[in-house]
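The structure appears right after this line, and notes come after that.
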Amino acid sequence: MATSRPALIALTALAPVSWGTTYAVTTEFLPPDRPLFTGLMRALPAGLLLLALARVLPRGAWWWKSGVLGALNIGAFFPLLFLSAYRLPGGMAAVVGSVGPLFVVGLSALLLGQRPSPRMVLTGFAAASGVSLVVLQAAGALDVLGVLAAFASTASMSTGTVLTKRWGRPEGVGPLALAGWQLTAGGLLIAPFAVLVEGPPPALDGRAVGGYLYLAVANTAIAYWLWFRGIGRLTATQVTFLGPLSPLTAAVVGWAALGQVLTPVQLAGMALAFGATVAGQITPRRKAAAVRTSAVSRAVRPSSSRRRRGPEAYVSAGPGPRR
(Lines give C-alpha, C1' and ligand atoms only; values in the text may rest on other atoms or scores of the structure.)
Protein backbone atom coordinates (compact mmCIF):
# COMPACT_ATOMS: atom_id res chain seq x y z
CA MET A 1 0.00 0.00 0.00
CA ALA A 2 1.41 3.39 -1.01
CA THR A 3 2.22 5.86 1.76
CA SER A 4 1.11 9.46 1.38
CA ARG A 5 3.81 12.11 1.44
CA PRO A 6 2.77 13.64 4.82
CA ALA A 7 2.67 10.15 6.36
CA LEU A 8 6.09 9.34 4.88
CA ILE A 9 7.56 12.54 6.34
CA ALA A 10 5.98 11.80 9.73
CA LEU A 11 7.35 8.25 9.78
CA THR A 12 10.82 9.43 8.76
CA ALA A 13 10.68 12.10 11.48
CA LEU A 14 10.33 9.34 14.10
CA ALA A 15 14.03 8.55 13.55
CA PRO A 16 15.48 11.90 14.78
CA VAL A 17 12.79 12.03 17.48
CA SER A 18 14.04 8.66 18.72
CA TRP A 19 17.65 9.83 18.53
CA GLY A 20 16.71 12.78 20.72
CA THR A 21 16.17 10.36 23.63
CA THR A 22 19.75 9.05 23.40
CA TYR A 23 21.24 11.61 25.81
CA ALA A 24 18.74 10.87 28.60
CA VAL A 25 19.11 7.10 28.17
CA THR A 26 22.90 7.36 28.13
CA THR A 27 23.16 9.49 31.26
CA GLU A 28 20.46 7.71 33.26
CA PHE A 29 20.93 4.04 32.32
CA LEU A 30 24.35 3.33 30.82
CA PRO A 31 27.87 3.08 32.31
CA PRO A 32 29.76 6.39 32.05
CA ASP A 33 32.69 7.23 29.77
CA ARG A 34 32.25 4.34 27.32
CA PRO A 35 31.41 6.09 24.01
CA LEU A 36 32.95 3.45 21.75
CA PHE A 37 31.34 0.53 23.59
CA THR A 38 27.99 2.35 23.50
CA GLY A 39 28.36 2.99 19.77
CA LEU A 40 29.22 -0.68 19.24
CA MET A 41 26.21 -1.87 21.26
CA ARG A 42 23.94 0.44 19.26
CA ALA A 43 25.20 -0.56 15.82
CA LEU A 44 26.23 -4.21 15.67
CA PRO A 45 23.26 -5.93 17.41
CA ALA A 46 20.85 -3.75 15.42
CA GLY A 47 22.61 -4.56 12.16
CA LEU A 48 22.64 -8.31 12.82
CA LEU A 49 18.95 -8.19 13.77
CA LEU A 50 18.03 -6.45 10.49
CA LEU A 51 20.19 -8.87 8.49
CA ALA A 52 18.37 -11.79 10.08
CA LEU A 53 15.02 -10.25 9.20
CA ALA A 54 15.94 -9.24 5.64
CA ARG A 55 17.91 -12.42 4.80
CA VAL A 56 19.75 -10.53 2.07
CA LEU A 57 23.49 -9.89 1.66
CA PRO A 58 25.16 -7.37 -0.63
CA ARG A 59 26.58 -8.49 -3.96
CA GLY A 60 29.16 -7.07 -6.32
CA ALA A 61 29.82 -3.35 -5.90
CA TRP A 62 27.40 -3.17 -2.99
CA TRP A 63 29.95 -4.81 -0.69
CA TRP A 64 32.23 -1.76 -0.88
CA LYS A 65 29.32 0.69 -1.11
CA SER A 66 27.84 -0.75 2.08
CA GLY A 67 31.24 -0.43 3.74
CA VAL A 68 31.58 3.22 2.70
CA LEU A 69 28.05 4.11 3.78
CA GLY A 70 28.40 2.12 7.00
CA ALA A 71 31.61 3.99 7.83
CA LEU A 72 30.09 7.40 7.12
CA ASN A 73 26.63 6.93 8.67
CA ILE A 74 27.61 4.66 11.57
CA GLY A 75 31.27 3.70 12.06
CA ALA A 76 32.70 7.22 12.03
CA PHE A 77 29.55 9.11 13.01
CA PHE A 78 28.83 7.33 16.31
CA PRO A 79 32.32 7.66 17.91
CA LEU A 80 32.78 11.25 16.71
CA LEU A 81 29.34 12.19 18.01
CA PHE A 82 30.00 10.75 21.46
CA LEU A 83 33.50 12.27 21.57
CA SER A 84 32.11 15.74 20.87
CA ALA A 85 29.35 15.27 23.45
CA TYR A 86 31.91 14.36 26.13
CA ARG A 87 34.28 17.25 25.38
CA LEU A 88 31.97 20.18 24.58
CA PRO A 89 30.04 22.25 27.14
CA GLY A 90 26.27 22.28 27.28
CA GLY A 91 24.59 21.60 23.95
CA MET A 92 27.39 22.88 21.72
CA ALA A 93 27.64 19.50 19.97
CA ALA A 94 23.96 19.73 19.06
CA VAL A 95 24.47 23.27 17.75
CA VAL A 96 27.29 22.13 15.46
CA GLY A 97 25.17 19.16 14.37
CA SER A 98 22.32 21.47 13.45
CA VAL A 99 24.33 22.83 10.51
CA GLY A 100 23.87 19.43 8.86
CA PRO A 101 21.14 20.74 6.52
CA LEU A 102 23.59 23.32 5.17
CA PHE A 103 26.18 20.60 4.54
CA VAL A 104 23.59 18.51 2.70
CA VAL A 105 22.44 21.48 0.60
CA GLY A 106 26.03 21.99 -0.57
CA LEU A 107 26.76 18.29 -1.11
CA SER A 108 23.50 17.82 -3.00
CA ALA A 109 24.64 20.51 -5.44
CA LEU A 110 27.97 18.71 -5.96
CA LEU A 111 26.83 15.07 -6.03
CA LEU A 112 23.16 15.19 -7.02
CA GLY A 113 23.10 18.23 -9.29
CA GLN A 114 20.44 19.94 -7.15
CA ARG A 115 20.98 23.70 -7.17
CA PRO A 116 20.57 25.24 -3.70
CA SER A 117 17.82 27.82 -3.51
CA PRO A 118 18.10 30.91 -1.30
CA ARG A 119 15.02 29.67 0.60
CA MET A 120 16.72 26.39 1.54
CA VAL A 121 19.90 28.16 2.67
CA LEU A 122 17.92 30.62 4.81
CA THR A 123 15.88 27.74 6.23
CA GLY A 124 19.10 25.96 7.17
CA PHE A 125 20.40 29.01 9.02
CA ALA A 126 17.03 29.37 10.77
CA ALA A 127 17.16 25.75 11.94
CA ALA A 128 20.70 26.17 13.30
CA SER A 129 19.74 29.44 15.03
CA GLY A 130 16.69 27.87 16.64
CA VAL A 131 18.66 24.90 17.96
CA SER A 132 21.31 27.29 19.28
CA LEU A 133 18.71 29.13 21.34
CA VAL A 134 17.45 25.84 22.77
CA VAL A 135 20.67 24.10 23.77
CA LEU A 136 23.62 26.51 23.77
CA GLN A 137 24.84 27.53 27.20
CA ALA A 138 27.90 29.55 28.16
CA ALA A 139 29.76 26.91 30.12
CA GLY A 140 33.47 27.57 29.82
CA ALA A 141 35.92 27.58 26.93
CA LEU A 142 35.31 25.42 23.91
CA ASP A 143 37.52 22.36 23.40
CA VAL A 144 39.16 22.41 19.96
CA LEU A 145 39.14 18.61 19.62
CA GLY A 146 35.48 18.52 20.61
CA VAL A 147 34.53 21.15 18.02
CA LEU A 148 36.48 19.33 15.30
CA ALA A 149 34.83 16.04 16.26
CA ALA A 150 31.38 17.66 16.14
CA PHE A 151 32.00 19.11 12.68
CA ALA A 152 33.49 15.82 11.47
CA SER A 153 30.50 13.81 12.74
CA THR A 154 28.09 16.20 11.03
CA ALA A 155 30.06 16.11 7.78
CA SER A 156 30.25 12.31 7.94
CA MET A 157 26.50 11.81 8.39
CA SER A 158 25.68 14.47 5.78
CA THR A 159 27.96 12.85 3.21
CA GLY A 160 26.49 9.44 3.98
CA THR A 161 22.96 10.79 3.54
CA VAL A 162 23.73 12.30 0.13
CA LEU A 163 25.62 9.21 -1.09
CA THR A 164 22.76 6.98 0.08
CA LYS A 165 20.46 9.10 -2.06
CA ARG A 166 22.87 9.06 -5.02
CA TRP A 167 23.47 5.31 -5.02
CA GLY A 168 19.90 4.30 -4.19
CA ARG A 169 19.38 0.56 -3.61
CA PRO A 170 19.91 -2.57 -5.73
CA GLU A 171 16.79 -3.76 -7.49
CA GLY A 172 14.66 -5.92 -5.20
CA VAL A 173 16.44 -4.78 -2.01
CA GLY A 174 14.46 -2.79 0.55
CA PRO A 175 15.51 -0.28 3.22
CA LEU A 176 15.51 -3.02 5.87
CA ALA A 177 18.44 -4.79 4.20
CA LEU A 178 20.19 -1.51 3.38
CA ALA A 179 20.05 -0.42 7.02
CA GLY A 180 21.25 -3.86 8.14
CA TRP A 181 24.26 -3.74 5.81
CA GLN A 182 25.34 -0.31 7.01
CA LEU A 183 24.79 -0.93 10.73
CA THR A 184 26.71 -4.21 10.59
CA ALA A 185 29.59 -2.65 8.64
CA GLY A 186 29.70 0.32 11.01
CA GLY A 187 29.58 -1.90 14.10
CA LEU A 188 32.42 -4.09 12.81
CA LEU A 189 34.45 -0.93 12.17
CA ILE A 190 33.91 0.33 15.73
CA ALA A 191 34.57 -3.03 17.46
CA PRO A 192 38.40 -3.16 17.35
CA PHE A 193 38.72 0.48 18.41
CA ALA A 194 36.36 -0.12 21.34
CA VAL A 195 38.54 -3.00 22.57
CA LEU A 196 41.86 -1.23 21.99
CA VAL A 197 40.85 2.13 23.47
CA GLU A 198 38.38 1.21 26.23
CA GLY A 199 39.42 -2.33 27.10
CA PRO A 200 37.06 -5.16 28.10
CA PRO A 201 33.29 -4.51 28.24
CA PRO A 202 32.04 -3.06 31.55
CA ALA A 203 29.85 -4.99 33.97
CA LEU A 204 26.19 -4.35 33.16
CA ASP A 205 23.27 -4.26 35.59
CA GLY A 206 19.59 -4.60 34.67
CA ARG A 207 19.19 -0.89 33.94
CA ALA A 208 22.16 -0.88 31.56
CA VAL A 209 20.91 -3.99 29.74
CA GLY A 210 17.50 -2.35 29.31
CA GLY A 211 19.13 0.85 28.07
CA TYR A 212 21.24 -0.96 25.51
CA LEU A 213 18.24 -3.00 24.32
CA TYR A 214 16.30 0.22 23.76
CA LEU A 215 19.20 1.84 21.91
CA ALA A 216 19.79 -1.20 19.70
CA VAL A 217 16.16 -1.97 18.79
CA ALA A 218 14.04 1.20 18.88
CA ASN A 219 16.73 3.89 18.73
CA THR A 220 18.83 2.26 16.02
CA ALA A 221 17.33 -0.72 14.15
CA ILE A 222 13.82 0.72 13.72
CA ALA A 223 14.98 4.34 13.52
CA TYR A 224 17.59 3.73 10.81
CA TRP A 225 15.17 1.58 8.80
CA LEU A 226 12.72 4.50 8.81
CA TRP A 227 15.55 6.95 8.02
CA PHE A 228 16.85 5.05 4.98
CA ARG A 229 13.29 4.42 3.84
CA GLY A 230 12.73 8.18 3.89
CA ILE A 231 16.00 8.88 2.06
CA GLY A 232 14.85 6.61 -0.74
CA ARG A 233 11.56 8.49 -1.24
CA LEU A 234 12.26 12.10 -0.22
CA THR A 235 14.96 14.54 -1.28
CA ALA A 236 18.20 14.56 0.69
CA THR A 237 17.51 18.09 1.95
CA GLN A 238 13.99 17.17 3.08
CA VAL A 239 15.35 14.30 5.14
CA THR A 240 18.19 16.24 6.72
CA PHE A 241 15.87 19.12 7.68
CA LEU A 242 14.18 16.63 10.01
CA GLY A 243 17.46 16.44 11.95
CA PRO A 244 16.75 19.42 14.26
CA LEU A 245 13.91 17.37 15.76
CA SER A 246 16.60 15.41 17.63
CA PRO A 247 17.91 18.22 19.90
CA LEU A 248 14.35 19.54 20.28
CA THR A 249 13.24 16.12 21.52
CA ALA A 250 16.23 16.00 23.87
CA ALA A 251 15.15 19.34 25.36
CA VAL A 252 11.55 18.16 25.82
CA VAL A 253 12.67 14.87 27.42
CA GLY A 254 14.96 16.79 29.75
CA TRP A 255 12.07 19.00 30.79
CA ALA A 256 9.50 16.20 31.16
CA ALA A 257 11.61 13.40 32.62
CA LEU A 258 14.70 14.99 34.16
CA GLY A 259 13.19 18.13 35.70
CA GLN A 260 15.09 20.57 33.50
CA VAL A 261 13.63 24.05 33.01
CA LEU A 262 12.77 25.55 29.62
CA THR A 263 13.16 29.33 29.47
CA PRO A 264 11.15 31.65 27.19
CA VAL A 265 14.22 32.03 24.96
CA GLN A 266 14.45 28.25 24.61
CA LEU A 267 10.76 28.00 23.77
CA ALA A 268 11.23 30.66 21.09
CA GLY A 269 14.19 28.70 19.71
CA MET A 270 12.11 25.52 19.63
CA ALA A 271 9.41 27.32 17.64
CA LEU A 272 12.00 28.69 15.20
CA ALA A 273 13.72 25.32 14.69
CA PHE A 274 10.42 23.47 14.30
CA GLY A 275 9.21 26.07 11.80
CA ALA A 276 12.43 25.60 9.80
CA THR A 277 11.91 21.83 9.87
CA VAL A 278 8.41 22.23 8.44
CA ALA A 279 9.62 24.73 5.83
CA GLY A 280 12.34 22.29 4.78
CA GLN A 281 9.66 19.80 3.72
CA ILE A 282 8.07 22.19 1.21
CA THR A 283 9.23 21.72 -2.37
CA PRO A 284 7.91 23.34 -5.57
CA ARG A 285 5.52 21.05 -7.43
CA ARG A 286 7.60 20.76 -10.58
CA LYS A 287 10.76 20.06 -8.60
CA ALA A 288 9.01 17.49 -6.41
CA ALA A 289 7.71 15.68 -9.50
CA ALA A 290 11.20 15.65 -11.01
CA VAL A 291 12.66 14.25 -7.78
CA ARG A 292 10.08 11.46 -7.67
CA THR A 293 10.79 10.54 -11.29
CA SER A 294 14.56 10.56 -10.67
CA ALA A 295 14.18 8.43 -7.53
CA VAL A 296 12.13 5.82 -9.37
CA SER A 297 14.56 5.61 -12.30
CA ARG A 298 17.57 5.37 -9.96
CA ALA A 299 15.91 2.67 -7.86
CA VAL A 300 15.27 0.42 -10.86
CA ARG A 301 18.43 1.19 -12.86
CA PRO A 302 20.53 -1.99 -13.04
CA SER A 303 24.11 -1.80 -11.82
CA SER A 304 27.03 -2.70 -14.03
CA SER A 305 27.40 -6.06 -12.26
CA ARG A 306 23.78 -6.93 -12.99
CA ARG A 307 24.18 -5.97 -16.64
CA ARG A 308 27.03 -8.42 -16.89
CA ARG A 309 25.63 -11.21 -14.73
CA GLY A 310 21.90 -10.98 -15.07
CA PRO A 311 19.08 -9.46 -13.06
CA GLU A 312 20.14 -10.78 -9.64
CA ALA A 313 21.20 -7.86 -7.39
CA TYR A 314 21.64 -9.80 -4.19
CA VAL A 315 22.10 -13.23 -2.70
CA SER A 316 20.00 -14.91 -0.02
CA ALA A 317 21.64 -15.11 3.40
CA GLY A 318 19.63 -18.10 4.50
CA PRO A 319 16.40 -20.00 4.07
CA GLY A 320 13.21 -18.04 3.59
CA PRO A 321 11.64 -15.83 0.97
CA ARG A 322 13.72 -13.14 -0.69
CA ARG A 323 12.49 -9.63 -0.17
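The values are calculated or read from the model by the stated rules, or taken from the named source; none is laboratory data. Quick caveat: nothing in here was measured; it's all calculated off a predicted structure. Virtual Cβ from ideal backbone geometry, glycine too; neighbours counted across all protein chains shown. These area figures cover heavy atoms from the full protein model, side chains too; ligands, DNA and RNA do not enter into them. Shrake-Rupley method; radii C 1.70, N 1.55, O 1.52, S 1.80 Å.
Brief remarks on what is shown
- Carbon/sulfur fraction of accessible area - segment 111-269, other protein chains in place, 1.4 Å, %: 71 percent
- Using a simple spin-label model with pseudo-atoms 7 Å out from Cα toward Cβ, ILE282 and LEU110 lie 3.0 nm apart.
- Rounded percent of accessible protein surface that carbon and sulfur make up, segment 1-78, 1.4 Å probe: 74 percent
- Note on surface exposure: LYS165, LYS65 rank LYS65, LYS165 by accessible area, highest first, 1.4 Å probe.
- Probe 1.4 Å, protein heavy atoms only - accessible area per residue of segment 230-272 in square angstrom: 42 Å²
- Under-5 Å amide H pairs with VAL56, H placed in peptide plane, nonlocal only: ALA317
- The calculated FRET efficiency for VAL68 paired with PHE193, based on their beta-carbon distance and R0 = 22 Å, is about 0.80.
- For LEU112, residues with placed amide H under 5 Å, excluding near neighbours: none
- A simple packing score, the average count of other Cβ atoms within 10 Å per residue, orders the peptides 222-230, 258-266, 56-64 as 222-230, 56-64, 258-266, with the highest score first.
- Distance in nm between pseudo-label sites at THR263 and ARG119 (7 Å out along the Cβ direction from Cα): 3.4 nm
- Sorted on the mean count of surrounding Cβ atoms within 10 Å across their residues, most packed first, peptides 17-23, 166-172 read 17-23, 166-172.
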